[in-house]
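First the structure, in the form of structure tokens, and then the observations on it.
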Amino acid sequence: MRIALAYNAKPSARAEIQAARPEMLVEEDEEPPSPDGGEESDLYAEWDNAKTILALADALAQRHDVVLVEARQDFAARIRAARPDLVFNIAEGFHGASREAQVPATLEMLGIPYTGSDPLTLCLCLDKARAKEILSYHGVPNAAFVLVEGETDLKAAAAVPLPVLVKPLFEGSSKGIRDDQLVRDAGDLEDRVLRVLRRYDQPALVERFLPGREFTVAVLGNLPDLRVLPPVEIRFDGFPEGSNPIYSWEAKWVWDRPEAPLTVFDCPARLTAPEQHAIEDVCRRAARVLRLRDWSRIDLRMDEHGVPHVIEVNPLPGVLPDPADNSCYPKAARAAGMDYAAMALAVADAACRRLGWTL
Ligand SMILES: Nc1ncnc2c1ncn2[C@@H]1O[C@H](COP(=O)(O)OP(=O)(O)OP(=O)(O)O)[C@@H](O)[C@H]1O
Ligand SMILES: [Mg+2]
């Protein structure tokens, strides 16, 4: 099968990809316009590096013909010219709340099948409040919340009993979730909400703080055959003295350094059979109501009674190939006996099965 890998690469990754796999690359006619923000700004935090793109391409190339198509503004023309049978989509897109839907929506227009969830689901999951509304409608546990849309609306934040977590509505990688976004004192609330509104230019989600154990769970395939891979527990006991028990920006990007790695993850998580069952059940219910396809990572946290709640759902999970980078989807796949290549091929196979293709 001919598979096109659709991605957004950090600017610094382009030359490396060009040098490493020139034969796989579907080139652009001219240097693409760059989104504002400069080299390697926050803007690119979610875009992939060359190592990930090349590792995925090599994994898929074990069984398929692979071409690399960067999801820039001329994506529609180049993907059409590449004539793939299937697009393996990891593109994060450009700007704003619809960014993750751009590639799937373009592929829908062109009639080209692709891995992963459709544009509606990608938009829904990126908008954490919308996703929570749907989960709530269907009775899937998630933290009580209010959305503060703007500065005239600040009083609304007090509707959720403290402690609360204040976070941007549509970011990932803990952008905007600094350690002190966990608010215990009413006097701090307005400041933390304003910080999100002003810095991220988007509404602030104010959520009840779930104090229990935290897990991130990789799911693979499609209902009714959805596989829930071994849960990864996120442990806070190795965090610096005095920090909050949240997987904050600092925990992901500052405290965890190669020379002094944080021991954050337990995989498979140590769970009793009822806990495992409760986690699998909430993941399946979230997958059903959000219509997740092929693969996703679901973040969960227990309340004070040990009931797992959905924090948020990532239908485009990060997949850093180096085990030292602690990327949770590949970690869970490894715990299930799949190396990186087997994981990537399994995602493509899941899409093929969903499309009714014989493998
Ligand atoms: N309601 C909550 N109760 C307790 N902790 C929470 C809550 N919401 C978020 N957190 C903490 O903050 C972390 C980051 O939140 P969240 O997963 O929403 O951010 P993200 O930036 O989308 O993450 P990702 O890197 O998975 O994309 C969580 O892993 C968890 O530790
Ligand atoms: Mg998360």
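Bear in mind these aren't lab numbers, they're just calculated from the coordinates by the rules spelled out. From a predicted model like this one, the values you see are computed outputs, not experimental measurements. For neighbour counting, all protein chains shown are included, and Cβ atoms are generated from backbone atoms with ideal geometry for every residue, glycine included.
The charge dipole of the chain, taken about its Cα centre with unit charges on the Cβ of Lys, Arg, Asp and Glu (plus for the first two, minus for the last two), comes to roughly 1120 debye.
Restricting the calculation to Cα atoms, every distinct pair contributes to the Kirkwood radius of segment 311-357, found to be 11.6 Å. Span-like helix check, the chain: qualifying full DSSP H segments, with Cα axial length of 24 Å or more and mean Kyte-Doolittle of -0.5 or more, are 273-290. Exposure proxy for 171, 70, 133: other Cβ atoms within 10 Å of each Cβ, ordered fewest to most, give 133, 171, 70.
With 5 Å bins beginning at zero, the pair-distance distribution over Cα atoms of segment 2-114 amounts to 2, 12, 25, 26, 22, 11, 3, 0 %. Over all pairs of different C-alpha atoms, segment 208-253 has a mean inverse distance whose reciprocal, the Kirkwood radius, equals 12.8 Å.
Return the loop-located GluC sites (Glu not before Pro) in segment 197-276 (DSSP other than H, G, I, E, B) with at most 16 other Cβ atoms within 10 Å of their own Cβ; answer none if there are none.
Those satisfying the criteria are 241, 259.
Under 19 Å of direct C-alpha separation, and excluding same-chain neighbours fewer than eight residues apart, residue 155 reaches these aspartates and glutamates: 185, 188, 190, 191, 201, 207. When you filter the trypsin sites (Lys or Arg not before Pro) in segment 206-298 for DSSP loop state and at most 11 other Cβ atoms inside 10 Å of their Cβ, you are left with 270. Projected label points at residue 358 and residue 153, each 7 Å from Cα along the beta carbon direction, are separated by 5.3 nanometres. Here the chain is treated as a Stokes sphere of Kirkwood radius computed over C-alpha pairs; at 37 °C and 0.692 mPa s its diffusion coefficient rounds to 156 µm²/s. Rounded to whole Å, the principal axis extents of the Cα atoms in segment 204-359 read 54, 36, 35, largest first. Its Cα gyration tensor gives segment 105-163 an equivalent ellipsoid. The semi-axes, each the square root of 5 times an eigenvalue, are 32, 15, 7 Å from largest down.
A convex hull fitted to the Cα coordinates of segment 128-212 yields 97 cubic angstrom per residue.
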